[in-house]
Each structure stands twice: as C-alpha cells, then as structure tokens.
Amino acid sequence: MYENEMERLLELYMSGLYGSPYYAKQVSGKDCFTSYEQFQSIPFSYKEDIRESSIMDRTATKSGDIFGIFSSSGTTGNKTYYIYNKKDKIVHESFVKTYLTEIGIIPSDIGGIMAPIDTGVMAHTMMWEFTTMGASYVNCPEPSPHNMISVLDAVPVTVIATRPNVVSSPIYTPELIGRFRKSSVNKLILGGGFLSSERRKLIEYLWDAKCFNLFGMSEMFGPMAAECQMRDGLHYLDNYLMIELIDPTTGKPVPSGEPGVAVYTTLWDKGFPLLRYWTDDYMLLDHENCKCGSQHPRLRYLGRLGDCHKTDDGRFVFPEQVENILFSNNLCGEYYIDIQPECIIVSAENVPAPYSSLTADSYLVEDGLQELFGANDIKLNLVPAGTFAPNAHGKRFANPKA
Ligand SMILES: [Zn+2]
C-alpha cells in the first residue's frame, strides 16, 4: 500500500526537504519512509502547529527560490502565511492544466474573479489559473450583486471563479436576476466551501451557466481537486498528493470505501511541505474508473468535523445535508443550526427560489430534518431575508446573533 508514495517520500527526505526545524521534531529518520506501516509512526500535524511556528522554520526553500508569500483567508482566526517556492508554481500549473482543460477553459475565455484581493491565496490562485490557461481575467474584489453586474455590463466575462455563496447572492436582488441570466457567463468554477446539489441547481438557474466544483486549501496552494465533465466526485493528482483517510476515534486508517478524515502529504519539494497534515475534512475516496477516462482517483467531500453534529446513533450530519433539505423546500437564504440541550433549532431566511411560486411548508421541512437528524425535537425558525450576514466560510452549526 502506498509503495510509490513511500519511495518518493524517501527521496524527498534524503534531499533534505524535512530538515527544517518544523519537521526535525516530527520525522525521526529515513526509516519513517520504508513502508506505510512505518510512515504511520509520524505524528499528525495540525493547523495549530503551523500557527505556533514561524514561516521560515517551516521551509527548506532558499530565499532565492521563493515565488511568493500568501496567507489563509483568516476567517477562523489570525491569517497564517505560507511560502510558495518556484517549484510549487510549476506543480500548480500542472494541476490547473489538468482540471481546466477538461472543463473546456480556453485562451479566448475572460475570467471574472469575484473575490477580495489582499494577501489571501484564493484570488491569487484564481488569477494564476486563468493565466496558466492563456485566458484573461478581470477582478471584482467586493462582489456584491450590484458590483458583479457592473463588471459584467462592462466586460464580456465568460467564466466566473469564486465561492458558492457569492454567486448565490443574486437571490437577494430579484430585480437583477434577469441580467445575470443574460450575461455572457457560461461557466462557474466554485471553490472555498462545499457545493450542495440544491445550491448548484439554484446557481445554475441564477446564471444560466454550468457549475464545476473545485476543492482546495491555502496550505497546499489552492486547487487540489476538481470536477470533470461528469461532475461525479472531484479528481485529484495522486502523483503529487497522498490522501490518507483516518478514523477520528482510533487515529488509524479506515477500511477501503469508508469515509474518514483526510490527512494530506505532498509529494514534491514544496515550499511548505505537508506531512500527515490533519485538516478536519471528512470525505470518501473513489478509485473506480471515471466515465471521463481520467486515471486519477476522485474524492467526495462531505464536510468538516468541526462543523457537524454527531447523532445519538453515531452518524455525522453535515451542513450540506441540511442545506439540501432547506433549498429543496424553497428556503434558499442563509441558515444556521443551533444544537440546544433540549432541541435542535434550524433558523432559515425565508428566501424563495426564483423558479418556484410555492411558499415553504414548515411541516414538510421539519419532517425532512427530523429524518436527517433521527430526532423529533426539531424546530424550524423562519426569519426574513437579510437577517444573517452572508456566511462565506464560517460554521453553520452555530448560534447566530440575529
Ligand atoms: Zn472524471
């Protein structure tokens, strides 16, 4: 198991990649890479470990080989900075060409990047994606519906890159929906959050365009996995990225085909290499051949362990499942799930889908939620549109101060 990966990691170890102070205490010697069994003796590393170390202590890259220094979005705490080296940029291009060629991004495309531009990885990685494909792009750093329309009126954008909630926001400006639908946009590449099937349906209506989901994280360099034309799981390049699925209770690998917490190890001389990096991402891996013909495995992201509810019978319920129930019942605004000792309160903005004339049936929604949570004490609390601030990246299992 993971024989090729161990061979590659041993090479990287011998080249001095793990000689940085950050890894010196984690990796005891080259024996760690002689088999997958030995590899499991390497302790997991966590976001907290990164926060407590300095960027220069985490890299073996010499200053002349640094490509740039970018940060996480900082939505879950202080921003964390990462060194990307020149090799990272080359590997990034390899990922991007694989993913974006498949979904048909071509040099004549004009990208519309609807994301704040500061030190965060997200907007930068999107700019590099379009550049890599020989396409051009325009930035909209404050992507409110009105600002997005103003960009689209001025520039014939064909592909949007952003988070799912940004391109759902036109639902709050019904008077603009017709203009979004008539725009020149024909594809949306969406990352930085889960994309539920019901939200995808809503976005595809709002934009009259096709959505592709992309999965990434700042620690890596942005895109790690993306949907092909089949849109049935997200392919990842397993020659560059090793994913272990770990049982959060035992800390051991889950049996094949079972979901687990993704633990990432990067397989090139990365600026900040990842070695058994625990992220809280809960997912399934699929090694079956995809109809698109790609040889690369697929991941199916289920949610974050830090934003879910464990039911009495031991199942995890993730926001995506709640979202599908709400949206399919015509509640397409922001929502939160508040787990109280006595009951579960789901607060949802009463925002109807533009393609439906029905109003939400609270009893039907509560029935669906009861079935999902396996509990009877569930209350749906309908609130007016605009009650909650847009939830870009934060928790859904929370007690919002409305
Ligand atoms: Zn495929």
Problem set entry | Size-normalised alpha-carbon gyration radius of the range 174-258, reference 2.2 N^0.38 Å | 1.42
For this session: Determine which residues of the range 126-154 fall in the zone a paramagnetic label at LYS97 would reach in this model, i.e. backbone nitrogen under 17 Å from the point 7 Å along Cα→Cβ.
Result: 128-135
Exercise. Taking N as the number of residues in the range 147-300, what is its alpha-carbon radius of gyration divided by 2.2 N^0.38 Å?
Worked result: 1.20
For this session: Pull up the DSSP beta bridges for the range 309-383 and report the antiparallel fraction as a percent, rounded to 5.
Result: 55 percent
For this session: Would you mind working out the magnitude of the charge dipole of the chain relative to its Cα centre, with +1 at each Lys and Arg C-beta and -1 at each Asp and Glu C-beta, to the nearest 20 Debye?
Result: 1000 debye
Seminar exercise, completed: Semi-axes of the range 309-383 from the Cα gyration tensor (sqrt of 5 times each eigenvalue, largest first, whole Å) come to 22, 12, 11
Exercise. How much of the accessible area of the chain, in percent, comes from carbon and sulfur atoms when a 1.4 Å probe is used?
Worked result: 51 percent
Problem set entry | Selected from MET1, GLY293, VAL138, residue furthest toward positive end of dipole (the chain; charges at beta carbon) | VAL138
Problem set entry | Approximate spin-label separation GLU3-ASN289, in nm, with each point projected 7 Å along Cα-to-Cβ | 2.2 nm
Problem set entry | For the chain, calculated [θ]222 nm from helices alone, where every DSSP H run of n ≥ 4 adds -39500 (n - 2.57) | -8000 deg cm²/dmol
Exercise. Please state the equivalent ellipsoid semi-axes for the range 139-218: what are the square roots of 5 times the Cα gyration tensor eigenvalues, largest first, in whole Å?
Worked result: 19, 14, 12
Exercise. Among 82-93, 5-16, 310-321, 265-276, what's the highest-first ranking by average C-beta atoms within 10 angstrom per residue?
Worked result: 265-276, 82-93, 5-16, 310-321
Problem set entry | Whole-Å semi-axes of the range 73-205's equivalent ellipsoid (Cα gyration tensor) | 25, 18, 14
Seminar exercise, completed: Result for the chain: accessible area per residue, probe 1.4 angstrom, in square angstrom, of 44 Å²
For this session: Which order do the peptides 152-164, 322-334 take when ranked by the mean count of other beta-carbon atoms within 10 Å per residue, highest first?
Result: 322-334, 152-164
Exercise. Is any residue of the range 23-65 close enough, with backbone N under 13 Å, to a label point placed 7 angstrom from the Cα of ASN78 along the Cα-Cβ axis, and if so, which?
Worked result: 48-55
Exercise. Nearest-5 percent of antiparallel DSSP beta bridges in the chain?
Worked result: 60 percent
For this session: Calculate the radius of gyration of the Cα atoms of the chain to one decimal place, then report Dmax, the largest Cα-Cα distance, as a whole number, both in Å.
Result: 21.7, 65
Exercise. How many nm is it between the label spots at GLU258 and SER184, if each spot is 7 Å from the Cα in line with the beta carbon?
Worked result: 5.2 nm
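The values are calculated or read from the model by the stated rules, or taken from the named source; none is laboratory data. This is a predicted model, so every value here is computed, not measured. Positions of Cβ are backbone-derived with ideal geometry, glycine not excepted, and every protein chain shown enters the neighbour counts. The protein model used for the area step is the full one, side chains on, heavy atoms only, and it has no ligands, DNA or RNA in it. Shrake-Rupley method; radii C 1.70, N 1.55, O 1.52, S 1.80 Å.
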